[in-house]
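Chemist: Submitted below is the structure of interest, expressed as structure tokens.
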Amino acid sequence: MSRTRTALLAAMALVAGATGTAYAVAPDGVGAAAVPCTVDYQVQNQWSTGFTAAVTVTNLGAAKSSWSLKWSYAGNQRVTSGWNAKVTQSGSNVTAANESYNGTLATGGSASFGFQGTYSGSNAIPATFTLDGVTCNVDGGGPTDPTDPTDPTDPGDRVNNPYSGAKVYVNPEWSAKAAAEPGGSRVASQPTGVWLDRIAAINGVNGGMGLRDHLDEALEQKGSGELVVQLVIYNLPGRDCAALASNGELGPTEIGRYKTEYIDPIAAILADDKYSSLRIVTTVEIDSLPNLVTNTGSRATATPQCDVMKANGNYVKGVGYALNKLGDVGNVYNYVDAGHHGWIGWDDNFGASADVFHDAATAEGATPADVHGFITNTANYSALKENNFSVGQTVAGKSVRESKWVDWNRYVDELGFAQAFRNELVSTGFDTNIGMLIDTSRNGWGGTARPAGPGATSSVDTYVDGGRYDRRIHIGNWCNQAGAGLGERPKAAPESGIDAYVWMKPPGESDGASKVIPNDEGKGFDRMCDPTYTGTPRNGNNLTGALPDAPVSGHWFSAQFQELMKNAYPPLP
């Protein structure tokens, strides 16, 4: 699961900027000029006689209406076929020219293509690329790309499961809020995710801790052992197109700002050698990619905002860029958000979502090797394991799948879904060693409402409704749910294919305001957080089940925290 990167061009004198931007000495040796283009060349798969490669070229000069990328092989590599570019070869020289549909390269724009080739002996990465005759900088990698032990951003071998044998970072800001609540000391020492939900969060908001502050504190907590730091990367353009409560600061077209003002500074901080001993888990873009499957087109659940994000491609581009840049840091473990079973567990959504995740993992220079795993149920409430019914059962002449609650879903809980979805992801081209995380911060569903066994068998609905642990009115309800409880405590390797149970969503932080609250965080008011609202097609036009008097998303919500402790399962001492 490691990814390596090639050395920078030996012919160039490079000066690294604060965000990793490279500059090359001009050909006449007078002054320094910005590199006009960069190339990311990745050998994706390699066998004894052949290989496949993915190439992304980024134009940093004037906009182009057509382009031609050239390179030469030092060995006997031969291109046999290509896609998304016209790839030809003469001797050792290769030319990749744009297709009719991808000739436009704006300033800062990228084009990606791939090809298959043959070789014998070695399969070295090309040393030089030119875009329309101008030499580019190179950032590439693959199975033959040597590791530079002197480069702190050069990934070494990652462990298979970063949580195994490691402590997990306790956010002192969250811990202090939890400890200040009556009874909160029982959970205040649990590890939770650190959410970087806007550009300002990188340096800290309103005097709070920034990313470096958290990493410095993590080094203190680490001591001589291993320690995992959990970060949530969450600031896509047009973020959360199907839910207003967690809209973000960047508009649908601001992919450039996402890259240069958000991802690049985060990647630069994580690449600091000072933090190389930490295992940094990044949860990449909550509730983004599944929207492109379930909330677009002719579906009843579609929104204009999600149609826009599907059309402009900026969710796929943004996730791909984040995976690529963060994946270059050797001690970073990328886990992509994969929704939850009550979102993509249906036949129409299951395989299609896996395909979209693979599209993102091969965009903007990313490869599947940049993905260490996936996380489900982030900031959601789906029960970990429903023991009182299963989809294979028949009650009163009807399948459990026919019940109103299950509604033909193939999964009834997160554990079964996560394990099955892992297999689906591997089948689309992700590594066989990917691991899953499940957010159990709010899916305990304990207390007096927790059923002791199945419901009555008089009908399939009474059977399922009487026995289900998840007591939401509808599985589509997601905001500040009444009756929810803390779930399984964070734990490494609890089940096959599961790297850890985690509390990525800090318990007690609101999902969204229950009424309009002006704020400077770009977060809107979503009626799904209003307890009086009768819903949308996504929740079967039911009441929302949300708690009243909730603050803006991410802000502390004492009433919710108290409810989560009261209904915890396993119960708190």
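Chemist: Just for region 507-540: of the residues that are in a helix (DSSP H, G or I) and out of contact with any Ser or Thr (no Cβ under 7 Å at 6 or more places or on another chain), which one is surrounded by the fewest Cβ atoms within 10 Å (Cβ to Cβ)?
Modeler: That would be Arg527.
Chemist: I need a count of the residues in region 329-345 that are in contact with a helix residue (DSSP H, G or I) (Cβ under 9 Å, 6 or more places away or on another chain) and surrounded by fewer than 24 Cβ atoms within 10 Å (Cβ to Cβ).
Modeler: So the count comes out to 1.
Chemist: Hey, does region 78-93 have a residue that's surrounded by 16 or more Cβ atoms within 10 Å (Cβ to Cβ), touching a residue at least 40 places away in the same chain (Cβ under 8 Å) and not basic (Lys, Arg)?
Modeler: Looking through region 78-93, none of the residues is surrounded by 16 or more Cβ atoms within 10 Å (Cβ to Cβ), touching a residue at least 40 places away in the same chain (Cβ under 8 Å) and not basic (Lys, Arg).
Chemist: Which count do you get for residues in region 454-490 that are open to solvent by 10 Å² or more (accessible area, probe 1.4 Å) and on the phi > 0 side of the Ramachandran plot?
Modeler: The number of residues fulfilling the criteria is 1.
Chemist: Every residue in region 356-396 that is of a type in the set (A, V, I, L, M, F, W, C) and either open to solvent by 20 Å² or more (accessible area, probe 1.4 Å) or part of a loop (DSSP other than H, G, I, E, B) (or both), please.
Modeler: Val356, Ala361, Ala363, Ala366, Ala369, Val371, Ala379, Ala383, Leu384, Phe389, Val391, Ala396
Chemist: Name the residue, out of Asn349, Asn388, Asn377, that is in contact with a strand residue (DSSP E or B) (Cβ under 7 Å, 6 or more places away or on another chain) and more than 30 Å from Asn59 (Cα to Cα).
Modeler: Selected residue: Asn377, the only one of Asn349, Asn388, Asn377 that is in contact with a strand residue (DSSP E or B) (Cβ under 7 Å, 6 or more places away or on another chain) and more than 30 Å from Asn59 (Cα to Cα).
Chemist: Still on this structure, please answer the following. For region 410-419, enumerate the residues that are surrounded by fewer than 18 Cβ atoms within 10 Å (Cβ to Cβ) and within 18 Å of Thr440 (Cα to Cα).
Modeler: Gln419
Chemist: Further, regarding this structure: Just give me the residues in region 179-204 being more than 27 Å from Val332 (Cβ to Cβ) and either touching a strand residue (DSSP E or B) at 6+ places or on another chain (Cβ under 6 Å) or in a helix (DSSP H, G or I) (or both), in sequence order.
Modeler: Of everything in region 179-204, those that are more than 27 Å from Val332 (Cβ to Cβ) and either touching a strand residue (DSSP E or B) at 6+ places or on another chain (Cβ under 6 Å) or in a helix (DSSP H, G or I) (or both) turn out to be Ala179, Ala180, Gly184, Ser185, Arg186.
Chemist: Please count how many residues of region 422-449 are in contact (Cβ under 8 Å) with a residue 60 or more places away in the chain, assigned to a helix (DSSP H, G or I) and touching a Ser or Thr at 6+ places or on another chain (Cβ under 7 Å).
Modeler: Residues in region 422-449 being in contact (Cβ under 8 Å) with a residue 60 or more places away in the chain, assigned to a helix (DSSP H, G or I) and touching a Ser or Thr at 6+ places or on another chain (Cβ under 7 Å): 0 in total.
Chemist: Hey, among the residues in region 243-263 that are of a type in the set (S, T, N, Q) and assigned to a loop (DSSP other than H, G, I, E, B), which one's surrounded by the fewest Cβ atoms within 10 Å (Cβ to Cβ)?
Modeler: Going through the qualifying residues, I end up with Thr253.
Chemist: Do we have Ser496 as within 29 Å of the chain's Cα centre (by Cα), more than 18 Å from Ser382 (Cβ to Cβ) and among the small types (Gly, Ala, Ser) here?
Modeler: Judged against the criteria, Ser496 is a match.
Chemist: Out of curiosity, is Pro149 at pLDDT below 95 and open to solvent by 50 Å² or more (accessible area, probe 1.4 Å)?
Modeler: yes
Chemist: Looking at region 442-451, which of the residues that are touching a helix residue (DSSP H, G or I) at 6+ places or on another chain (Cβ under 9 Å) and surrounded by fewer than 24 Cβ atoms within 10 Å (Cβ to Cβ) is nearest to Gly397 (Cα to Cα)?
Modeler: Pro451
Chemist: Related question: Applying the selection to region 346-355, what residues are of a type outside the set (D, E, K, R) and surrounded by fewer than 22 Cβ atoms within 10 Å (Cβ to Cβ)? Write out each step before concluding.
Modeler: Step one: filter region 346-355 for residues of a type outside the set (D, E, K, R), giving 346, 349-354.
Residues satisfying the conditions are Trp346, Asn349, Phe350, Gly351, Ala352.
Chemist: Tell me yes or no: at least one residue of region 459-470 is at pLDDT below 95, of a type in the set (Gly, Ala, Ser) and closer than 22 Å to Thr440 by Cα.
Modeler: No, there is no match, as no residue in region 459-470 is at pLDDT below 95, of a type in the set (Gly, Ala, Ser) and closer than 22 Å to Thr440 by Cα.
Chemist: Which of the residues that make up region 550-561 are under 15 Å from Lys523 (Cα atoms), open to solvent by 30 Å² or more (accessible area, probe 1.4 Å) and aliphatic (A, V, I, L, M)?
Modeler: Correct list: empty.
Chemist: Name the one entry in Leu543, Leu564 that is surrounded by 15 or more Cβ atoms within 10 Å (Cβ to Cβ), more than 29 Å from the chain's Cα centre (by Cα) and either at pLDDT below 95 or under 30 Å from Val406 (Cβ atoms) (or both).
Modeler: Only one candidate passes the filter, namely Leu543.
Chemist: Can you find a residue that is closer than 30 Å to Thr52 by Cβ and either within 27 Å of the chain's Cα centre (by Cα) or in contact (Cβ under 8 Å) with a residue 12 or more places away in the chain (or both) anywhere in region 406-414?
Modeler: no
Chemist: Let me ask something additional. Going by what's in this entry, would Val232 be described as buried (at least 21 other Cβ atoms within 10 Å of the Cβ), in contact (Cβ under 8 Å) with a residue 40 or more places away in the chain and out of contact with any Ser or Thr (no Cβ under 9 Å at 6 or more places or on another chain)?
Modeler: Taking the combined requirement at face value, the residue does not satisfy it.
Chemist: Oh, and also: Go through Asp439, Asp407 for me and flag whichever is open to solvent by less than 10 Å² (accessible area, probe 1.4 Å) and either small (Gly, Ala, Ser) or modelled with pLDDT of 95 or more (or both).
Modeler: Asp439
Chemist: While we're here: Could you please tell me which pairs satisfy a Cβ distance under 8 Å, a separation of 6+ or placement on different chains, a first residue in region 195-219 that is touching a residue at least 12 places away in the same chain (Cβ under 8 Å) and open to solvent by 50 Å² or more (accessible area, probe 1.4 Å), and a second residue that is of a type in the set (Gly, Ala, Ser) and assigned to a helix (DSSP H, G or I)?
Modeler: Pairs found: Trp195/Ala201.
Chemist: Quick check on my filter: what residues within region 308-353 are within 13 Å of the chain's Cα centre (by Cα), within 19 Å of Asp240 (Cα to Cα) and aliphatic (A, V, I, L, M)?
Modeler: Val316, Val319, Ala322, Leu323, Val336, Ala338
Chemist: Please identify the pairs in which a residue from region 556-573 that is among the hydrophobic types (A, V, I, L, M, F, W, C) has its Cβ atom under 8 Å from the Cβ atom of a residue that is surrounded by 15 or more Cβ atoms within 10 Å (Cβ to Cβ) and assigned to a strand (DSSP E or B), counting only partners at least 6 apart or on another chain.
Modeler: Pairs found: Trp556/Glu509; Phe557/Glu509.
Chemist: Take Pro507 and decide whether it is closer than 24 Å to Phe421 by Cβ and at pLDDT 95 or above. Spell out how you get there, then give the answer.
Modeler: Details: closer than 24 Å to Phe421 by Cβ: no; at pLDDT 95 or above: yes.
For Pro507, the condition - closer than 24 Å to Phe421 by Cβ and at pLDDT 95 or above - is not met.
Chemist: Can I ask one more? What is the residue count in region 264-311 for residues that are within 19 Å of Leu236 (Cα to Cα) and open to solvent by 50 Å² or more (accessible area, probe 1.4 Å)?
Modeler: Here the count works out to 6.
The values are calculated or read from the model by the stated rules, or taken from the named source; none is laboratory data. Here the structure is a predicted model, which is why all the values come from computation and not from measurement. Cβ atoms come from the backbone with ideal geometry, glycine included; neighbour counts cover every protein chain shown. SASA here: full protein model, heavy atoms, side chains in, ligands and nucleic acids out. Shrake-Rupley method; radii C 1.70, N 1.55, O 1.52, S 1.80 Å.
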